[in-house]
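The values are calculated or read from the model by the stated rules, or taken from the named source; none is laboratory data. Predicted model, so just to flag it, every value in this text is computed and none were measured. Cβ coordinates were reconstructed from backbone atoms using ideal geometry, including for glycine residues, and neighbour counts include every protein chain displayed.
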Amino acid sequence: MTDAALERLRRICLAFPETTERLSHGEPTWFVRGKKTFVTYADHHHDDRLACWCAAPPGAQEALIAAAPDRYFRPAYVGHRGWVGVYLDVEVDWAEVTEIVTDAYRVVAPARLVAQLDA
């Protein structure tokens, strides 16, 4: 499950313009232009759960957690900035994860790169 979830998340993240992957704090992490993080994989990083942490637009964290606390959570370190945690050790709706990751990219990427998504 861990490898499959990581590979699926990796494909989603690397599909965006000027995205790179490298380890950060021991976990695979995806960056825009090698600088700004938009998604971090969390393989039992602070608990016994498999998840990813995603940048999120204002209000998204609260809405997702309220709607499905068994699927979403406030991650350590970045939760206070509105990031949302997505559990990957449950039945994952990958279409929904793709939307959340897309929103994460949009929050972090410069306007020119976001415009490429909309073109």
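Might you check whether a residue that is out of contact with any strand residue (DSSP E or B) (no Cβ under 7 Å at 6 or more places or on another chain), over 12 Å from VAL86 (Cβ atoms) and among the charged types (D, E, K, R) occurs anywhere in segment 12-24?
For segment 12-24, residues out of contact with any strand residue (DSSP E or B) (no Cβ under 7 Å at 6 or more places or on another chain), over 12 Å from VAL86 (Cβ atoms) and among the charged types (D, E, K, R): absent.
Looking at segment 9-40, which of its residues are of a type outside the set (A, V, I, L, M, F, W, C), surrounded by 15 or more Cβ atoms within 10 Å (Cβ to Cβ) and under 17 Å from GLU96 (Cβ atoms)?
None; the set is empty.
Within segment 87-98, count every residue that is in a loop (DSSP other than H, G, I, E, B) and among the aliphatic types (A, V, I, L, M). Steps first, please.
From segment 87-98, those in a loop (DSSP other than H, G, I, E, B) are 88-93; that's our starting set.
If we keep only those that are among the aliphatic types (A, V, I, L, M) as well, we get 88, 90, 92.
Going through segment 87-98 one residue at a time, the tally reaches 3.
Listed here are the residues, each with its yes/no results for (1) of a type outside the set (A, V, I, L, M, F, W, C); (2) surrounded by 17 or more Cβ atoms within 10 Å (Cβ to Cβ); (3) under 12 Å from CYS52 (Cβ atoms).
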site: TYR72; (1), (2), (3): yes, yes, yes
site: PRO75; (1), (2), (3): yes, yes, yes
site: VAL86; (1), (2), (3): no, yes, yes
site: GLU99; (1), (2), (3): yes, no, no
site: VAL107; (1), (2), (3): no, yes, no
site: ASP118; (1), (2), (3): yes, no, no
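Against the definition (over 22 Å from PHE16 (Cβ atoms) and at pLDDT 95 or above), how does ILE65 come out, yes or no?
Details: over 22 Å from PHE16 (Cβ atoms): yes; at pLDDT 95 or above: yes.
Considered against the rule, which asks whether it is over 22 Å from PHE16 (Cβ atoms) and at pLDDT 95 or above, ILE65 comes out as yes.
Confirm whether CYS54 is at pLDDT 95 or above, closer than 19 Å to GLU91 by Cα, in contact with an Asp or Glu (Cβ under 8 Å, 6 or more places away or on another chain) and surrounded by 15 or more Cβ atoms within 10 Å (Cβ to Cβ).
Working: at pLDDT 95 or above: yes; closer than 19 Å to GLU91 by Cα: yes; in contact with an Asp or Glu (Cβ under 8 Å, 6 or more places away or on another chain): yes; surrounded by 15 or more Cβ atoms within 10 Å (Cβ to Cβ): yes.
Here the answer is yes, as CYS54 does meet what is asked.
For PRO17, all conditions in the list (1) out of contact with any Leu (no Cβ under 8 Å at 6 or more places or on another chain); (2) at pLDDT 95 or above hold save one; what is the number of the exception?
That leaves (1) as the condition not met.
In segment 1-27, which residues are assigned to a strand (DSSP E or B) and either polar (S, T, N, Q) or under 15 Å from TRP94 (Cβ atoms) (or both)?
Within segment 1-27, the subset assigned to a strand (DSSP E or B) is 19-24, 27.
Across segment 1-27, the qualifying residues are THR19, THR20, SER24.
Can you pull out the residues in segment 28-64 that are assigned to a helix (DSSP H, G or I) and closer than 10 Å to GLY85 by Cβ?
Listed by number, the residues that qualify are GLN61, LEU64.
Determine which member of the set VAL101, VAL107 is in contact with a Pro (Cβ under 6 Å, 6 or more places away or on another chain) and assigned to a helix (DSSP H, G or I). Explain how you work it out, then say what you get.
Numbers: VAL101 fails: in contact with a Pro (Cβ under 6 Å, 6 or more places away or on another chain).
One residue alone meets the criteria, VAL107.
Looking at ALA76, is it aliphatic (A, V, I, L, M), modelled with pLDDT under 95, part of a loop (DSSP other than H, G, I, E, B) and in contact with a strand residue (DSSP E or B) (Cβ under 9 Å, 6 or more places away or on another chain)?
Answer is yes for this residue.
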